[in-house]
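Report on the structure given below.
The values are calculated or read from the model by the stated rules, or taken from the named source; none is laboratory data. Everything numeric in this text was worked out from a predicted model, so none of it was measured. We place every Cβ from the backbone using ideal geometry, glycine too, and count neighbours over all the protein chains shown. Remember, those area values only see protein heavy atoms, side chains included, never the ligands or the DNA or RNA. Shrake-Rupley method; radii C 1.70, N 1.55, O 1.52, S 1.80 Å.
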Amino acid sequence: AIVGVAHDYGGSVNDVVLSAIDGALARLVESRVEVAERFVVSVPVSRRQATTATELGNQVGVAPIELPGLSDRGERLRVIVGRGALIRSAPHGASAALLGPLFRLLAKLGCLRWFINRQRLVNSFVTNLRGPEQRLHFLGAAITDVFPVVGISGNVTVSFAVFSYAGTLSVSVIADPDAVDDLDLLREALQDELDGYIRLRSGAIDGYA
């Protein structure tokens, strides 16, 4: 169903998930009686166009994408689809060209950890990996579920890992328990946002959107 929503808006599954995360974060902030007009998340971007016998492996960079924090799900998704297209069309290696020299300089000066603990570039990390479309087996037993796990670092207190496997989309929420003691609220809001997109596609009336 999420694939269908993505196609309806001319985007990707990742765009739909980003929009759901945007909505969930906005609801979490609202529950804390705080205000945030936007969120910036770091997403991986593949720069590999093709492989050869001598050039294999990944060519992955990272890019910040601004999430608008809009309450209307359809409008929010349209904005994110447009911004995602701009990121994907960026020149090869653009993120590495911008961030690589900065990080190397900070590491050389011994300031990298200080910077990571105080950075104001992103609010969260979102990692998306497309897995096998068919179930895998191990020693003859079917692997029924795969759950992604990523880490958090510095002053980023919550991150999201997205993984598709055998027709199922999983989103893991990893958080610092001291900074995010309302993780259940965030998890429930995220599930509701994803369900909301399915209802939106079916034409059901959604009071929140």
Using 0.36 nm per residue, how much length does the chain from Q119 to R187 gain when fully extended, once their Cα-Cα distance is taken away? 22.0 nm
Determine the distance separating the Cα centre of the stretch 100-138 from the Cα centre of the stretch 150-184; give it in Å without decimals. 14
Protein-only accessible surface order, largest first, of E133, E34, E193 at 1.4 Å: E133, E34, E193
Mind checking the stretch 104-145 for trypsin sites (Lys or Arg not before Pro) that DSSP puts in a loop (not H, G, I, E or B) and that have at most 12 other Cβ atoms within 10 Å? R120
Looking at N155, A142, L129, which one has the Cα that reaches farthest to the positive end of the dipole of the stretch 102-164 (charges on Cβ: Lys, Arg +1; Asp, Glu -1)? N155
